[in-house]
Amino acid sequence: MINNYLCLRTYYFAMTFIPPVQSLFAPLDALLMDCLRQLSDEQWNLPTISRLWNVKDVVAHLLDGNLRTLSIQRDKYFGDKGPQGNDYSELVKWLNCLNADWVLAAKRLSPEVLIMMHESTGPLVSAYYESLNPMEEAIFAVAWAGENTSTNAMHLAREYTEKWHHQQQIRFAICDDTLMIEQWSKPFWETIMLGMPHALRYVQPEIGTRVRCKIIGAGSWELEYRHLEWSFTDSYDDRTENIVEIPAEIAWRLFTKSIRPEAVMDQITVQGAREITSQVLSLVAVMA
């Protein structure tokens, strides 16, 4: 009975909240290819908001994502199994090392070779993602959303946010806002907001307390504290006292840890209990 209930709850959650993205990977990659083919030599070397990486480094990182998806997820080949156990900080440290090692090695690759390898691997990754049953258990859980196991629907939504925000880093460096239109950004916002209950997990206010996160230009999400946990509501309450409003051009960088709240507080509107609103701003929807 309990297992059936959990399965039904997982199914309801996936069908209600998780954006369907399986058909979006191929066109998103096509946009990336169009963008890369038009980059000048100068633009390939522009700095990005991804700390020490320039545009070429981010392109290399996206390629690494393709190769790892095909090797680990599709082919079940784990060359380096990484840290054992459930220590989140150790996992993040290991992933950061993998990322840095690859980007360093890829510095010897030309932009033309990077494009060629993207053209070869991108369609294979999209085809693999399209082959997955959304309701089956994913190979990896979405840890930043507080999940110990995830459905493929959630896993794919997370993978979409990865591809979206790294491509957006490239476009932000060259002043291109193509991905900020609703067609491409809506699945990103809908996915990262699924991490908000986890971000608020240590805040335990009175039952019925609400908080609203408004991404200006994208949408609003409201949560209520009930049954000793935070849950999304399907309605808005004019009496909601805890409200955070963030411009979309700030929010995508904030929630992917490219900038921190204290650096952009003059561009964010906050009202209500600080212990609640500060946790909203602490949401990080990447492994970092």
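Values quoted throughout were computed directly from the atomic coordinates according to the rules given, and no laboratory measurement underlies them. Keep in mind it's a predicted model, so treat the numbers as computed, not measured. Backbone-built Cβ (ideal geometry, glycine too); neighbour counts: all protein chains shown.
Computed from the C-alpha gyration tensor, the three semi-axes of the ellipsoid equivalent to the range 200-281 are 22, 14, 11 Å, from longest to shortest.
Evaluated with a Cβ-only charge set (Lys, Arg +1; Asp, Glu -1), the chain carries a dipole of roughly 420 debye about its Cα centre, given to the nearest 20.
Once backbone amide H atoms are built at 1.01 Å from N, residue 147 has 142 as its partners under 5 Å, excluding neighbours fewer than 5 places away on the same chain.
Taking the range 183-288, which trypsin sites (Lys or Arg not before Pro) meet the DSSP loop condition and have no more than 13 other C-beta atoms within 10 Å?
201, 239
Name the shape class, rounded, prolate or oblate, that the alpha-carbon gyration tensor gives for the range 111-226, where a ≥ b ≥ c are the square roots of its eigenvalues, rounded holds for a/c under 1.5, and otherwise prolate holds if a/b is larger than b/c and oblate otherwise. Taking the square roots of the gyration eigenvalues as a ≥ b ≥ c, the range 111-226 is oblate.
Dipole check for the range 126-257: with +1 at the C-beta of Lys and Arg, -1 at the C-beta of Asp and Glu, and the Cα centre as origin, the magnitude is about 340 Debye. On the beta carbon distance between residue 130 and residue 80, with R0 = 41 Å, the FRET formula returns roughly 0.90.
So if I place +1 on the C-beta of Lys and Arg and -1 on the C-beta of Asp and Glu, and nothing else carries charge, what would the dipole magnitude of the range 200-281 be about its Cα centre? I want it in debye, nearest 20.
On the way: 10 positive and 13 negative charges, 59 e Å.
Dipole about the Cα centre, nearest 20: 280 debye.
Which lysines, on any chain, are close to residue 107 with Cα under 26 Å apart, when same-chain ones fewer than 8 places away are left out? Reachable lysines: 56, 81, 93, 163, 257. Taking chymotrypsin sites (Phe, Trp or Tyr not before Pro) across the range 179-233, the ones in a DSSP loop with at most 12 further Cβ atoms lying within 10 angstrom of their Cβ are 202.
If exposed GluC sites (Glu not before Pro) are those in a DSSP loop with at most 16 other Cβ within 10 Å, what is the longest stretch of the chain that has none?
Working: sites that count: 136, 206, 241.
After excluding every exposed loop site, the longest remaining stretch is 1-135.
Computed over the chain, the P(r) tail beyond 25 angstrom holds 50 percent of alpha carbon pairs.
Between residue 235 and residue 93, the modelled labels are 4.9 nm apart [label points 7 Å from Cα along Cα→Cβ]. Here is how the number arises for the chain: DSSP H runs of 4 or more residues each give -39500 (n - 2.57), the sum is divided by the residue count, and the result at 222 nm is -15000 deg cm²/dmol.
Of all chymotrypsin sites (Phe, Trp or Tyr not before Pro) in the range 97-170, which ones are in loop regions per DSSP and have a Cβ with at most 16 other Cβ atoms within 10 Å? Don't jump to the answer; show the numbers that get you there.
On the way: sites: 102, 128, 129, 140, 144, 160, 164; in loops: 140.
Sparse-neighbourhood loop chymotrypsin sites (Phe, Trp or Tyr not before Pro): 140.
Rounded to the nearest whole Hz, the Karplus-based 3J(HN,Hα) values (6.51 cos²θ - 1.76 cosθ + 1.60, θ = phi - 60°) of the range 140-154 follow the sequence 10, 7, 8, 5, 5, 9, x, 9, 8, 9, 9, 7, 4, 4, 6, with x at glycine and proline.
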